[in-house]
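Worksheet: one structure, shown below.
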Amino acid sequence: MNTENRKITKGLNIKARRVIAHIVLVLITLLCLFWFFILIINATRSHSEMTRGFSPFPSSFLLTNWKNLLAGTLPVWSGLINSLAISSFSALFSVYFSAMTAYAIHAYDFKLKKAMFTFILMIMMIPTQVTALGFLQLIGKLKLEDSFIPLIVPTIAAPITFFYMKQYLESTLPLSIVEAARIDGSGEFHTFNRIVLPMMKPALAVQAIFTFVSSWNNYFVPALVLHKDNKKTLPILIAQLRSADFLKFDMGQVYVMIAFSILPIIIVYLLLSRYIVQGIALGSVKG
Amino acid sequence: MTNKTRGKRGKVVSYNKWGYIFLIPFILTYIVFQLIPLISTIYNSFFENYRSGLMQIGPNFIGLENYKSLLSNPDIWVYTQNTLIMWVMGFIPQIIVSLLLASWFSDPQLRLKCAGFFKTIIYLPNLIMASAFAMLFFTLFADGGPINSILIQLGILNKPFKFMSNIWSVRGLIALMNFLMWFGNTTILLMAGMMGIDTALFEAASVDGATSTQIFYKITLPLLKPILLYVMITSLIGGLQMYDVPQVLTNGTGEPMRSSMTLIMYLNKHLYSKNYGMGGALSVILFFITGILSLLVFRFSNYKKS
């Protein structure tokens, strides 16, 4: 790392390393936040102000830009509602059924258990893009174009979410609890819904956030499935903004639109970051 | 296992059938939305099936012709090269910075201030909508955009630099975005790996007079090798799927001179023009490449457990 420090005495060495570490961390933080800083500043400035050059101070055109954006051709509100609906239902379906799948593998002993677990691990890395062609043909045949179903229902089979849930169950659910519930006469389905799911709340929350975010940001498949203007999600509208003639466009509106699609996620993230950052490592490393 | 201690065999069997019942939603969804599409993608790759103007050609069975024409056309090699170049340009700084940050975060001697805050910030870009991030970069780095304006105001440039018309600046911007979006994730993975290393090893080394640099290269790095490989292969799989950022940044053209056109952008072109034969062949090739890489990941994880 910092070879010059090798020669210095040990006490100084640690001090110097602390200083260097802090400086680098601050620089990296600035590198991460710089773009969003300009985004927020420019969202408050008018097109003509921006053509005159950059200034680091906010102006007073945020509301004007926002009103212009709403008055334009881009279906912003329906985009937001569509994105919210698809992402929420995806998160719901994904966590509930992944928990169910994980419970099946964790709590029962059956012949194909090992084979099934290995199989799910193996399909974990297959990208959705390589099956997109067949997926589109299937959707065409089922007449599900411009429908949200092909964007929501497939999240039931989410190997990564499953894997996280499985890890979580292994560390938190003693099978004696399941056994005790059986003695008390609880049916298997009832046990899962009423006893196991409440115990998994932290894992469900973390994975719901992750699924929500990835669905919110998803562009490739929705762009191929949704064609009608009133069905489009925010990422599709952003790409549409890009292909519109850029110079004629009001830059203020462009910045407001970008801010509108990423700020909700940033705010939710900052509120819940403690759980999220812990969650990442738990899910992936022991893979 | 607990079932067996209860004794009655009949009960054991009747409970365990629930394992299968609970698996039904997953299996059904997987078959309908992933397995059938995969099979029909492979099936399509053996047919000539495209539109030429208003004429629909095919579907006619042509065997491996699609693969032959795909692989003999220089396009796919150019796009593979682009994808790999941009992945490497993003991955090298990513792994270096992540290793550095992870070793700092997991070093109790450093007593970092606000470690939680820094971790939160470095992970933040990962959650940003990639298409919005690319659109943001497009506007920031436009000829009359704020970055050029700042560089001119600071006296670094005297006329705007055309970021979008230069091969290496476009590739550089895409790599920068990928770096920003993924280094936080990698840092957290590596940190978890470093926390797993027995601290006695570090103590023993520093008692023997090893410097922190020596400890890093001689102890941390070799022990991290499995996780580094895991990070590298998963990142490569992700890199091959690179799409949103270059697609939105270059408006799907991969300009200048298709130097930032990736494999998935190429696939997307075939899907839009409904050239199902070639699209299918390209999908199958990508499927096999990612399949082999996933198997590698799978093997590493097995070794780690044993």
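Points to keep in mind about this one:
- Going from the residue with the fewest nearby Cβ atoms within 10 Å to the one with the most, A:L74, B:L173 rank A:L74, B:L173.
- A:R242, B:R111 arranged by Cβ crowding within 10 Å, fewest neighbours leading: B:R111, A:R242
- GNM result for chain B, Cα springs below 10 Å: residue of B:L223, B:L180, B:L54 fluctuating most strongly: B:L54
- Distance violations [Cα-Cα > 22 Å] among A:K113/B:K225; A:K67/A:K232; B:K113/B:K225; A:K201/B:K113; A:K201/A:K231; A:K228/B:K274: A:K113/B:K225; B:K113/B:K225; A:K201/B:K113; A:K201/A:K231
- Equivalent ellipsoid dimensions for the protein assembly as shown as semi-axes, Å, which come from the Cα gyration tensor, largest first: 39, 35, 25
- Fluctuation leader among B:T186, B:T262, B:T220 - chain B, Gaussian network, Cα springs under 10 angstrom: B:T220
- P(r) tail for the stretch A:156-240: Cα pairs beyond 21 Å make up 50% of the total.
- Overall form of chain B per C-alpha gyration tensor (a/c, 1.5; a/b vs b/c): oblate
- Length gained when the stretch B:Q153-B:F61 is fully extended (0.36 nm per residue, less Cα-Cα span): 26.9 nm
- Within a Gaussian network of chain A (alpha carbon springs, distance under 10 Å), most fluctuating of A:T51, A:T155, A:T101: A:T51
- Calculated from backbone phi, Karplus (6.51, -1.76, 1.60) coupling profile of the stretch B:267-277 in Hz, x at Gly/Pro: 4, 4, 4, 4, 5, 5, 7, 6, 8, 5, x
- Cα gyration tensor shape of the stretch A:74-243, rounded if a/c is under 1.5, else prolate or oblate by comparing a/b with b/c: prolate
- Think of each Lys and Arg Cβ as +1 and each Asp and Glu Cβ as -1; about the Cα centre, that makes the dipole of chain B roughly 1200 debye.
- Only one residue of B:S149, B:S69, B:Q34 has its Cα farthest out toward the positive end of the dipole of chain B, where Lys and Arg carry +1 and Asp and Glu -1 on Cβ, and that residue is B:Q34.
- Cα gyration tensor shape for the stretch B:238-288, rounded if a/c is under 1.5, else prolate or oblate: oblate
- Percentage relative contact order, chain B, counting C-alpha pairs under 8 Å, at least six apart: 28
- Sequence of B:Y50, A:Y275 once ranked by neighbouring C-beta atoms within 10 Å, starting from the fewest: A:Y275, B:Y50
- Hydrophobic long helices, here whole DSSP H runs in chain A with Kyte-Doolittle means of at least -0.5 and Cα atoms spread over 20 Å or more along the helix axis, are found at A:10-43, A:76-107, A:201-217, A:251-284.
- Basic side chains Lys and Arg get +1 at the Cβ, acidic Asp and Glu get -1 at the Cβ, and with that the dipole of the protein assembly as shown about its Cα centre reaches some 1180 debye.
- For the stretch B:90-101, 3J(HN,Hα) per residue [Karplus equation, 6.51 cos²θ - 1.76 cosθ + 1.60, θ = phi - 60°, Hz, x = Gly/Pro]: x, 6, 4, x, 4, 5, 5, 4, 5, 4, 4, 5
- Zone residues, the stretch A:103-120, relative to B:L28, backbone N less than 19 Å from point 7 Å out along Cα-to-Cβ: A:103-105
- Listed by chain and number, the aspartates and glutamates placed with their C-alpha closer than 20 angstrom to that of B:K218 are A:E4, B:D107, B:D198, B:E203, B:D208; residues fewer than eight positions away on the same chain are left out.
Any read-out appearing in this document is the output of simple, stated calculations on the displayed coordinates, not a laboratory observation. Quick caveat, the model's predicted, so the values are computed rather than measured. Note: ideal-geometry Cβ built from the backbone for every residue, glycine included; neighbour counts use all protein chains shown.
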